[in-house]
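Every number in this text was worked out from the coordinates using simple rules, so none of it is lab data. Bear in mind that the values here come from a model prediction, so they are computed numbers and not experimental data. With ideal geometry, Cβ positions are generated from the backbone for all residues, glycine too; neighbour counts draw on all protein chains shown.
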């Protein structure tokens, strides 16, 4: 008999005899991240523990999306869901309350003080995005200096919800996710 194997068997017998039963480790949490940048940060924090699931792929705008059945199942089975804010993932709050009421809902914008930038920094991304159908009725945004006059811009005109683009915010996001 191999000495290492005998020691393991002896330790197991001692544990059982002493009334202590070793059970398999608790399964890792089922974690979902809404969008790729958040998924990358969550995956880095979870490395070696489990792999988070990505809710929205590159083909879906976080501003306006409908879930596929497989994505709805991800939320239904989630223990934790990381997302940014309704100003970015517009339908998430309602989806979480309907599909994942048992999950720990981690709305990152509510977790800390963030360095926020005006949306002007993101004009190229924001206004060239083909998924912004609600902007089609006024295609020339250069003529609209005050977006607050437009109901569909009121939520995100004052601040840019892409908080991970600021390096200090990215560091804080990792700390919030780890906590």
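Given a Förster distance of 30 Å, report the FRET efficiency between residue 87 and residue 26 from their Cβ-Cβ distance, rounded to the nearest 0.05.
Working: r = 35 Å, r/R0 = 1.18.
Efficiency, from the Cβ-Cβ distance: 0.25.
With each label point set 7 Å from Cα along the Cα-Cβ vector, what nm distance links residue 165 and residue 111?
Between residue 165 and residue 111, the label points sit 2.0 nm apart.
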